[in-house]
Amino acid sequence: MRTEISEDLYEKACTLMPGGVNSPVRAFRSVGRIPFFVKSAKGDRLMDEDGNEWIDYVCSWGPGILGHAYPEVVQKVREAVLDGLTFGTPTRKEVELAEMICGCMPSMEKIRLVNSGTEAVMSAVRAARGYTGRSRIVKFRGCYHGHSDGLLVKAGSGLLTGGVPDSDGIPASYTAHTLVAPYNDTQRVAEIFREYGQEIACLIVEPVAANMGVVLPEKGFLEFLREITERYGAVLIFDEVITGFRLGLGGAQEYYHIRPDMTTLGKIAGGGMPLAAYGGRREIMDCIAPLGNVYQAGTLSGNPIATTAGIATLSVLMDQPEIYTQIEEKAEKLADAYRSHAGLWVNQIGSLLSVFFTDRTVRDYSSAVFSNVDAYAAYFEYMLENGIYVAPSQFEAMFVSSAHTREDIELTLQCIRGLDMQKIYKW
């Protein structure tokens, strides 16, 4: 595997950007190597600047449910570019995308388009506080909701392997109103609400946690969150930035038959372009300016190129719902192959899965971080050398797309079956 060009680019990047990257996990530090620099991608394949090629199971961290450079999406974007890149005024496409999203997720009676998952969550929390007149929020240990100050507490994803437990630069007063509970722990949530219930504006949760690796909600957990937030008059926010349109057109809320008060979306909703959204009950969303006094704005929100990609992507998924069955079947095959090895725990739902290098059940943050990150680094290197790109972190998800061919799934299965676990754990 050639690496000379990527090495040169990384060396230059390190003089220009912190760590040589624009998002921490891309630095590959938790797997003990430098990153490769992608030149192009098509279908389920990534090609780097050195001419190496990989089967991609990162899929840009989730948006690529149709694979890379899906022809219909690319064509629509090309056409849209000719009409202009940004206008700063309303467009028909904003209305069309909003209508599509609200049609798929009836809990979103009104919606606001933004540019990133971080922005969507930050805005949803602000709206919940404005609506309730309360200050406190509840989140779960290991759930990552973007890098806004009040939510970067006991977060997951890159923070678990980047050597930064939370973040410097955030005054303690910013997080003083954030209450943290263990994921899947209904008893602790009940205790928090008994003590602070009349002060809690909202509870935010990844209905399927995917930023400490994939961790599934236990039976009754989401139902309990729905019941207790209703009882105390708090807003239930589902962070579906990852699960939205990934577990189905209706996201995790449809999958589990739970109707949250608010929802945040990103990734697939933008079809690979920078677009996210938050929305929910009409009376909450009507608190947002210009109707109400909760302020949120953005020059590029509802950008015509991003909305074009989102509309094109959702149109394919709506026209071909069988995609969800197909990608789930592929993910199940991969999960079964991993489970044939001792020393691994696998969580899988739909087209999402994570392989944990531990023999313990992974059900929350504490059990996830028991995983052997050195063994994961050895596994990552093995997969990369065999032409397969998985997440450069133990605490991220694998994503399967409709572009993953039978042949490439079989190649991946052969690679998984060939894992030498003794060698991996001695690395």
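The values are calculated or read from the model by the stated rules, or taken from the named source; none is laboratory data. Bear in mind the structure is a predicted one, so any value in this text is a computation, not a measurement. Keep in mind that these areas ignore ligands, DNA and RNA; they rest on the heavy atoms of the full protein, side chains included. Shrake-Rupley method; radii C 1.70, N 1.55, O 1.52, S 1.80 Å.
Below is a table of values for the structure above.
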item: Accessible-area order (highest first, 1.4 angstrom probe) of the listed residues I242, I284; result: I242, I284
item: Residue order for H68, H145 - accessible surface, 1.4 angstrom probe, largest first; result: H68, H145
item: Helix-only mean residue ellipticity at 222 nm for the chain, each DSSP H run of n ≥ 4 adding -39500 (n - 2.57), per residue, nearest 500; result: -11500 deg cm²/dmol
item: For M212, solvent-accessible area (1.4 Å; no DNA, RNA or ligand), Å²; result: 0 Å²
item: Segment 246-369, accessible area per residue, ligands and nucleic acids excluded (1.4 Å, Å²); result: 38 Å²
item: Rg in Å to one decimal, and Dmax rounded to a whole Å, for the chain via C-alpha atoms; result: 21.0, 62
item: Accessible surface of V369 - all protein chains present, 1.4 Å probe, nearest 10 Å²; result: 60 Å²
item: Karplus-derived 3J(HN,Hα), 6.51/-1.76/1.60, for each residue of segment 35-51, Hz, glycine and proline x; result: x, 8, 10, 6, 9, 7, 8, 8, x, 9, 10, 10, 10, 9, 5, 8, x
item: Lysines with Cα under 19 Å of K76, excluding same-chain neighbours fewer than 8 positions away; result: K42, K93, K267
item: Calculated from backbone phi, Karplus (6.51, -1.76, 1.60) coupling profile of segment 254-263 in Hz, x at Gly/Pro; result: 6, 4, 9, 6, 10, 9, x, 7, 9, 9
item: Antiparallel %, DSSP beta bridges [both residues in the chain], to 5; result: 60 percent
item: Area accessible to solvent at E72, 1.4 Å probe radius, in Å²; result: 100 Å²
item: The chain: relative contact order in percent, alpha carbon pairs under 8 Å with at least 6 residues between; result: 22 percent
item: Within straight-line cross-link reach of K12, lysines at Cα separation under 20 Å, skipping those fewer than 8 residues along the same chain; result: K39
item: Accessible surface of the chain, 1.4 Å probe, proportion on carbon and sulfur as whole %; result: 51 percent
item: Heavy-atom SASA rank of K330, K423, K139 (probe 1.4 Å, accessible area, largest first); result: K423, K330, K139
item: ³J(HN,Hα), Karplus 6.51/-1.76/1.60, whole Hz, each residue of segment 341-352, x for Gly, Pro; result: 9, 6, x, 10, 10, 10, 10, 9, 8, x, 9, 10
